[in-house]
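Colleague: Here's a structure for you.
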Amino acid sequence: IKLLIVNIVYFIIPTIIITILGYLSGSIDKICNSILYVSDALAKAGASANVADVISTMPADMMTNLLSSFVFIAVVGVVLLVVFGLLDAIACAKLAETGDVLASLNFIDVAHKIGDIGVVKYFVFIVLLAVMLVILALVSGIVEMIPGVGSILAATIVTSFTSVFTYVAIGKLYADAY
């Protein structure tokens, strides 16, 4: 439950920021207007309407506004989620160390811990971990090809190993800062 709380807090913050920025920038309004345009056009066209044909009739300025809104929200969202994801990994390790949810939610302490580890070392670690996780995902995909039991093996053994591998690696990195 504690880990779930920490993960929710670390990922609800970027979600709230993205929503507020989308609202203040008018992106949400542009997206809603585009959805209303498409739904109205589909309703007028009847059952034989094709969504792609309706979207292709959308005015150029509306399409430009829609795409710029998507790009804006996507870029800001990805940056925020990556930053908070990096903080979340160390916050989870801090939770394992202290058992205190409030200590793991202290953003300043978590950022200082990343500083103690070394920012470059932490980023190299995350990149290497991502490469290992991609390799494990490929192994999981290969195991899933085994007829009958492949998906069960991949879901139990490979997924369990991946979780343990990830958390042990983060724990060792966290402990290495001392």
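The values are calculated or read from the model by the stated rules, or taken from the named source; none is laboratory data. Every value quoted in this text rests on a predicted model; they were computed, and no experiment measured them. Ideal geometry is used to build each Cβ from the backbone, glycine not excepted, and the neighbour counts take in all protein chains shown. Ligands, DNA and RNA are excluded from the accessible area calculation, which covers all protein heavy atoms including side chains. Shrake-Rupley method; radii C 1.70, N 1.55, O 1.52, S 1.80 Å.
Colleague: With +1 on the Cβ of every Lys and Arg and -1 on the Cβ of every Asp and Glu, and nothing else charged, how large is the dipole of segment 36-130 about its Cα centre, in debye rounded to the nearest 20?
Modeller: The calculation lands at about 120 debye.
Colleague: In whole percent, how big is the carbon plus sulfur part of the accessible area of segment 76-178, probe 1.4 Å, protein atoms only?
Modeller: 78
Colleague: To continue, here is another question. Any chance you could check the Cα centroid distance between segment 1-46 and segment 111-162 for me, in angstrom?
Modeller: So the separation of the two Cα centres works out to 30 Å.
Colleague: Show that you can apply the helix-only estimate: for the chain, add -39,500 (n - 2.57) for every DSSP H stretch of four or more residues, divide by all residues, and state [θ] at 222 nm to the nearest 500. Let's see the in-between values first.
Modeller: Working: 9 runs with 150 residues, N = 178.
-28000 deg cm²/dmol, from helical runs alone.
Colleague: If each residue of separation counts as 0.36 nm, what is the full-extension length gain between Asp61 and Leu36 once their alpha-carbon separation is subtracted? Intermediate values should be presented prior to the final figure.
Modeller: On the way: separation 25, 0.36 × 25 = 9.00 nm, distance 1.53 nm.
Gain on stretching Asp61 to Leu36: 7.5 nm.
Colleague: Follow-up. Can you find, among Ile5, Leu66, Ile18, the residue sitting farthest towards the positive end of the charge dipole of segment 1-97, where Lys and Arg contribute +1 and Asp and Glu -1 at Cβ?
Modeller: Ile5
Colleague: Measuring from the lowest to the highest alpha carbon on each principal axis, how far does the chain reach, largest first, in angstroms?
Modeller: 64, 49, 31
Colleague: Okay, next question. Any idea what Rg and Dmax come out to for segment 34-116 if you just take the C-alpha atoms, in Å?
Modeller: Over segment 34-116's Cα set, Rg and Dmax evaluate to 22.6, 62 Å.
Colleague: How far is it, in nm, from the label point at Ser163 to the one at Ala43 when both lie 7 Å from their Cα along the line to the Cβ?
Modeller: The modelled label-to-label distance comes out at 4.6 nm.
Colleague: Calculate the spin-label point distance for Ile135 paired with Ala155, positioning each point 7 Å from the Cα along the beta-carbon direction, and give it in nanometres.
Modeller: 2.7
Colleague: Could you sort 69-77, 132-140 so that the peptide with the highest average Cβ count within 10 Å comes first and the rest follow in order?
Modeller: So the peptides 69-77, 132-140, ranked by packing, come out 69-77, 132-140.
Colleague: Could you provide, to the nearest whole Å², the per residue accessible area of the chain with probe 1.4 Å?
Modeller: For the chain, the solvent-accessible area averages 61 Å² per residue.
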